[in-house]
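For reference, the structure discussed in these notes is given below.
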Amino acid sequence: MDGEGGKTATKRAISRREFLKIGGAGIAGVTLTGVAGCGGGGQSGGSRELIFSSSTDDTGTAKKLVDKFNEQNKSRIQVEFRPGNADTGQRFDQLRTQFQAGGEDLDVILGDVIWTAQLAAQGWISDLSDRFTEDMRADYLPGSVEAVTYEGKIYGVPWFTDTGLLYYRKDLLEDNGFSGPPKTWDDLKQMTEEVRQGSGTRFGYAFQGANYEGGVCNGLEFIWTHGGEALDPEDPTRVLIGGPEAVAGLAEYRSMISDGVAPETMSVYKEDESAGAFLRGDAVFMRNWPYVYDLISDPAQSKVRPEQVGVAERPSSDGEPGNGTVGDQPYYISATSANADAAWEFIRFMTAPEQQVFRATEGSYLPTLKALYDDQDLRERVPLIALAKSALRNTKPRPVSPCYSDMSLEMADQFNACLNGNQSPDETGRALQNSLEAFIRQGEREGRCRSRGHGGRKTLSVLRGAGLLRERGRYRRLRANGLALGSGDPGRR
């Protein structure tokens, strides 16, 4: 969705944009506020209009900032804010449809970080390397910048960051003689056993093991903590997930259930189920995103008090800090935008320190500017800023590949099958090695990687027919049986 190119208003009777405003019809998306003092585009003698296609705005902070920008730039740039579908997969499909139709009504896009390679490979977003300079990038978290980089070029500007964090019951560890969080997975298992014996806590470790994108993040994090990779970071056409390090990580992942650290039902847990277990006091440890800290601070949603909870990097195999998945949302400029200069000015406004501080204090969004993690006033107002600082030094993006949509769906299937014991870690590694290589070959033949709904299923059917992929039924049976995951689980913001 980064992009430059064309949307200057003309003197024709009615433009497509005007038609959409009058008719109230349009493709789902979000408008982005206009940027001050930009040249080109817009109506003659009047302000230019930018379309800002955004994700959902549950806290209302994005809309407030768009309104602020519009107020400051009344006579020059005005941004139309269009919040999109909460499901990032559905929103991606909607945006793809828009781009395939010409992308006429897109200027700025707030997207999921996993879209970067897919959008860039299609030529739908603009290369921002000359705008988002190396000096500017140095002010941002390294993992966030890496996640908007594709084939050596920069395609986005990180707005806020997410990463997988280890939440732990600080009070229970101290009561059982432990002075800090676990450094290794063996430490976590030992602590779990002793704390559960002493306190009667139901779960050792709550996480997201279901067959979906969150399960991919969890599985990859285990692979990374053992030194493995899904794809070679230097050459994303080279698949490494069948290697010994990755398989060792998958074995550790499976051991969370097989060793009794987590219940078998963890293979259907998503964010809210695992958060609910921790907030009810049923888990010693939990892997989850930063939003949960906000819930812990709310007595109406959490039996556990903030002073009882610590936040740390995830454990690893060797005691070094484990990597958490980057879950950022960056800004892109549509390649079809005629107002790229104005779009860039708007992005610079939205990502400036003042706006990131506002989002952190009003919505508990973690900033992407490194200096804000040393801002004492902000650290006091938003305690998670200080707690998450060290973890954010060790984030990693998911595989940066235009084939990621297909890869993600297959990793979700395979990781879940491994976790619930349907297949061994070795079988999982071999199956993923074969399927990911097949997706890359298909993408190279076609010049792009299609979603499963647009060709990927054919590849999978060939692989399954060759006996390279196993049928996974257990997850579906668990879902069909309607497992009770507990009541009163808080909703995500």
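Name the residue that is nearest to the chain's Cα centre (by Cα), counting only residues in the stretch 123-155 that are in a loop (DSSP other than H, G, I, E, B) and among the hydrophobic types (A, V, I, L, M, F, W, C). Within the stretch 123-155, the match that is nearest to the chain's Cα centre (by Cα) is Ala147.
Arg314 meets the conditions (1) part of a helix (DSSP H, G or I); (2) under 18 Å from the mean Cα position of the chain (by Cα) in every case but one. The failed one is (1).
Go through the stretch 63-92 and count every residue that is crowded, with 17+ Cβ neighbours inside 10 Å, under 18 Å from the mean Cα position of the chain (by Cα) and not hydroxyl-bearing (Ser, Thr, Tyr).
5
Within the stretch 415-441, being more than 26 Å from the chain's Cα centre (by Cα) and not in a helix (DSSP H, G or I) holds for Gly421, Asn422, Gln423, Ser424.
Which residue is nearest to the chain's Cα centre (by Cα), if the candidates are limited to the stretch 354-385 and must be farther than 20 Å from Met136 by Cβ and of a type in the set (Val, Ile, Thr)? Only one residue tops the list, namely Ile385.
The residues of the stretch 389-434 that are closer than 25 Å to Gly152 by Cα, surrounded by fewer than 23 Cβ atoms within 10 Å (Cβ to Cβ) and of a type in the set (A, V, I, L, M, F, W, C) amount to a single one, Val400.
We did not get these values from a lab; they are worked out from the coordinates using the rules stated. On a predicted model such as this, the values are computed, not experimentally measured, just so you know. Neighbour counts are summed over all protein chains in view; Cβ atoms, including those assigned to glycine, are modelled from backbone coordinates with ideal geometry.
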